[in-house]
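The values are calculated or read from the model by the stated rules, or taken from the named source; none is laboratory data. If you're wondering where the values come from, they're calculated on a predicted model, not measured in any experiment. Here the Cβ positions follow ideal geometry from the backbone for every residue, glycine too, while neighbour counts run over all protein chains shown.
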Amino acid sequence: MMARIFAYIVHRAGVAEDTAAELAAAAIKVDAAAPATAIVCGWGAELDAVCESLRASYAEVWKIANEALAYPNAELIRKALVKVLPPGCIVLVPHEHFGIDLAPGLSIKTNAAFVSDVLAIEGIEGADLKVVRQEFGGQANAHVRCDISSGAVITVRPGACKPLEGASLGGAVVDKSADVGTVNAGRRYLQTLVAEAGDVDITKHAVLVSVGRGIQEKENIAIAQDLADALGAAVSCSRPVVDAKWLEKSRQVGSSGKTVKPKVYLACGISGAFQHLAGIKGNPFIIAINKNPKAPIFQVADVGIVDDILEFLPELTNKVREMRGVSAK
Amino acid sequence: MEILVCARRVPDTSENEIALNSAGNDIERDELVYSINEPDNYAVEEALQIAARAGGNVTVVTVGGEDDEEILRREMAMGANHGVLITDGAFAGSDGRGIATILKAFVQKGNYDLILTGVQAEDGAAQVGGMLAAMLDYPFASLVNAIEVLDGKKLKISREIEGGNKEMNEIDLPCVLSIQTGINEPRYVGMRGIRAVASVPIPTYGAVELGVAAGTVGEAAAKVKRVDYFVPTLGRGAEMLEGDREENIEKLLQLVAAKGGLK
């Protein structure tokens, strides 16, 4: 018999995240004949609202109401899940900050195989589930086989599975709260500190000159700023630039930074990690300039140029200034 | 505070163009530049800073082969007190769970208050820290971007969550934390520093010394196996401008203007 499939639902303020619908689609890729069950942990009216909203896309919705789970502390939720999950099941979890916190330890505690950050699920072959992952910062993909005979915990990359249209499964909400009882952990949530606003709001700009590791040093940020000034654009960046303290966190585009919706996005010396791409919305025109022809950014950009940004950008800036000078007459 | 950092030597993706070998079962490794996995280097720096504030020792451990000694020496040149190489033919082909099993055996031979890993390595799996914690029944937190030692028994930590927000937690020791890049500014390591530790002996441990049963690690125990590599095709692919620089700039500006980006 095929293993039972569960999807862990991440939600906020009474609303399931987009990953809830994506995992429903992912579950069908694992086994179209085994309807998936949503697992939702939380507390109060918000939890009830989330459970209700999932009934269309899941065959069953397991509700775990517990005041200790009002904030999703992965250490507590892991302990709750271990108490309710049947042996040998397959658990799908979104690969974001919560899933990364929860899933590896959950696989140990349920004695299940673990595969993370899955881009595509190709289906079951014998005892194995065949999936696609990415390695080397997106420069190479890999087919991976996972032995699911004793169950599996699989984290799925947000956005990788397209949600199904018009599902109406009408799944029942099943209250599993009593099976969990009290949970406690050696890690306690204190509070969430909201990111500081910063000097420039990159979410408000139609054109972004975005720089990555290829800018090489702090002094070179000025090269990007010159171009941005000439274009009437703002300078944004990818994670390595913030890690190196060359620009403030408020300038970072990505899942752990800002979500931007420009018309034109100039990706300069940016490799194109998925966490960065996750912050670019609204289908902008993406122009990528990178000296590595294998950079993943070229797979998603509209136009690509293989060149050294430290030489290319100043020449581009001069040309823009020249044009502006002409058009001003 | 006794701190253990689990580190790994990886092909540096920022320095390499990754190409597949002709068989498609591996990447072309001959010309690759290797370095310490970047988040692991931040983890070592964080360990050194904690030890400087709260006292204690920093040990860096890696599971690998002889070639991996170079990252241990590099981190010792940064200031780590000890480097340890865990190596055994029986460990080859281990999946994440296998690596965590090996590290667990090593941890239990010592007396560590705090265990750090980088958030992820070149395979992007972000798995070993959380697995190790669960095996040890230690609390775990991932994506940690600030650590404050409250007393000898607990830490206050910040996790990087969506939108640049920070999730603040208190966590009991001993615990395992996976460290996010940007948590600190790792110190520079010069050739002189590396030469100074060049002759420091690095102890090695194998399956027998660690008491790891052969059937629990290595390729035979791995439930997760890579079948092959292939070239990704995420999107439709960019239209590549292949003129000279001046032509490319002309064309780029036409496109930017057409998209309303030159007003």
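Of the candidates A:GLU165, A:GLU219, the single residue that is in the same structural domain as A:THR259 (by TED's automatic domain parsing), more than 20 Å from A:GLY105 (Cβ to Cβ) and surrounded by fewer than 21 Cβ atoms within 10 Å (Cβ to Cβ) is A:GLU219. Taking the range A:286-329 as the range and being charged (D, E, K, R) and part of a helix (DSSP H, G or I) as the test, the residues that pass are A:GLU311, A:GLU315, A:LYS319, A:ARG321, A:GLU322, A:ARG324. Cβ-Cβ distances below 6 Å connect the following pairs, each with a first residue in the range A:302-325 that is more than 9 Å from chain B (Cβ to nearest Cβ) and closer than 19 Å to A:ASN292 by Cβ, a second residue that is in a helix (DSSP H, G or I) and β-branched (Val, Ile, Thr), and a separation of six or more residues or different chains: A:LEU313/A:ILE223. A:ALA49 passes every criterion in (1) surrounded by 21 or more Cβ atoms within 10 Å (Cβ to Cβ); (2) part of a helix (DSSP H, G or I) apart from (1). Can you confirm whether the range A:286-296 contains a residue that is more than 7 Å from chain B (Cβ to nearest Cβ), over 15 Å from A:GLY137 (Cα atoms) and of a type in the set (Val, Ile, Thr)? Yes.
Within the range A:196-216, how many residues turn out to be within 11 Å of chain B (Cβ to nearest Cβ), among the small types (Gly, Ala, Ser) and crowded, with 19+ Cβ neighbours inside 10 Å? Qualifying residue count for the region: 2.
Against the conditions (1) surrounded by 13 or more Cβ atoms within 10 Å (Cβ to Cβ); (2) out of contact with any helix residue (DSSP H, G or I) (no Cβ under 6 Å at 6 or more places or on another chain), where does B:THR216 fall short? Just the number, please. All conditions are met except number (2). Among the residues of the range B:67-121, just one is among the basic types (Lys, Arg) and in contact with an Asp or Glu (Cβ under 9 Å, 6 or more places away or on another chain), namely B:LYS109. No other residue among A:VAL209, A:VAL235, A:VAL200 is under 20 Å from B:LYS251 (Cβ atoms) and over 19 Å from the mean Cα position of the chain (by Cα) apart from A:VAL209. Figure legend. Inter-residue proximity from the range B:42-61: first residues touching a residue at least 60 places away in the same chain (Cβ under 8 Å), second residues part of a loop (DSSP other than H, G, I, E, B) and polar (S, T, N, Q), beta-carbon distance below 7 Å, spacing 6+ or different chains. Indicated pairs: B:TYR42/B:THR181; B:TYR42/B:ASN184; B:GLU45/B:ASN184; B:GLU46/B:ASN184; B:GLN49/B:ASN184. If only residues of the range B:116-151 that are touching a residue at least 40 places away in the same chain (Cβ under 8 Å) and more than 19 Å from the chain's Cα centre (by Cα) are counted, the one that is nearest to A:LEU106 (Cα to Cα) is B:LEU136. Condition check: within 14 Å of chain A (Cβ to nearest Cβ), within 27 Å of B:VAL119 (Cα to Cα) and not β-branched (Val, Ile, Thr). Does B:TYR205 satisfy that? In short, no.
Residues that are within 8 Å of chain A (Cβ to nearest Cβ), among the β-branched types (Val, Ile, Thr) and buried (at least 18 other Cβ atoms within 10 Å of the Cβ): list the strands (runs of 3 or more DSSP E) wholly contained in the range B:153-195 that include at least 1 such residues.
B:166-172
Answer with yes or no whether B:VAL231 is touching a residue at least 40 places away in the same chain (Cβ under 8 Å), within 14 Å of another protein chain (Cβ to nearest Cβ), under 30 Å from A:ALA301 (Cα atoms) and among the aliphatic types (A, V, I, L, M). So B:VAL231 fits the description; yes.
For (1) out of contact with any helix residue (DSSP H, G or I) (no Cβ under 6 Å at 6 or more places or on another chain); (2) among the aliphatic types (A, V, I, L, M), each residue gets a yes or a no:
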{"residue": "B:PRO39", "(1), (2)": "yes, no"}
{"residue": "B:GLN49", "(1), (2)": "yes, no"}
{"residue": "B:LEU103", "(1), (2)": "no, yes"}
{"residue": "B:ALA121", "(1), (2)": "yes, yes"}
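Inside the range B:234-256, residues that are touching a helix residue (DSSP H, G or I) at 6+ places or on another chain (Cβ under 9 Å) and either over 22 Å from A:GLN134 (Cβ atoms) or facing chain A (nearest Cβ under 7 Å) (or both) make up a count of 16.
The criterion of at least 1 residues that are small (Gly, Ala, Ser) is met by the following strands (runs of 3 or more DSSP E) wholly inside the range B:1-105: B:34-36, B:82-86. Checked against the criterion of being under 25 Å from the mean Cα position of the chain (by Cα) and of a type in the set (Ser, Thr, Tyr), the candidates A:THR155, A:THR182 yield just one match: A:THR155. Right, A:THR203: in contact (Cβ under 8 Å) with a residue 40 or more places away in the chain and either more than 30 Å from A:VAL242 (Cβ to Cβ) or in contact with a helix residue (DSSP H, G or I) (Cβ under 7 Å, 6 or more places away or on another chain) (or both) or not? No: the conditions fail for A:THR203.
Identify, please: which residue in the range A:256-279 is touching a residue at least 60 places away in the same chain (Cβ under 8 Å) and surrounded by fewer than 24 Cβ atoms within 10 Å (Cβ to Cβ) and is, among those, nearest to B:GLY164 (Cα to Cα)? Only one residue tops the list, namely A:ALA278. Quick one: in the range B:227-247, of everything that is crowded, with 17+ Cβ neighbours inside 10 Å and within 21 Å of A:VAL118 (Cα to Cα), which residue is modelled with the highest pLDDT? Among those that are crowded, with 17+ Cβ neighbours inside 10 Å and within 21 Å of A:VAL118 (Cα to Cα), it is B:TYR229.
Scanning the range A:257-295 for residues that are of a type in the set (D, E, K, R) and over 17 Å from B:PRO232 (Cβ atoms) gives A:LYS258, A:LYS261, A:LYS263, A:LYS281, A:LYS291. Tallying residues that are on the phi < 0 side of the Ramachandran plot and either more than 9 Å from every other protein chain (Cβ to nearest Cβ) or not in a strand (DSSP E or B) (or both) within the range A:107-148 yields 17.
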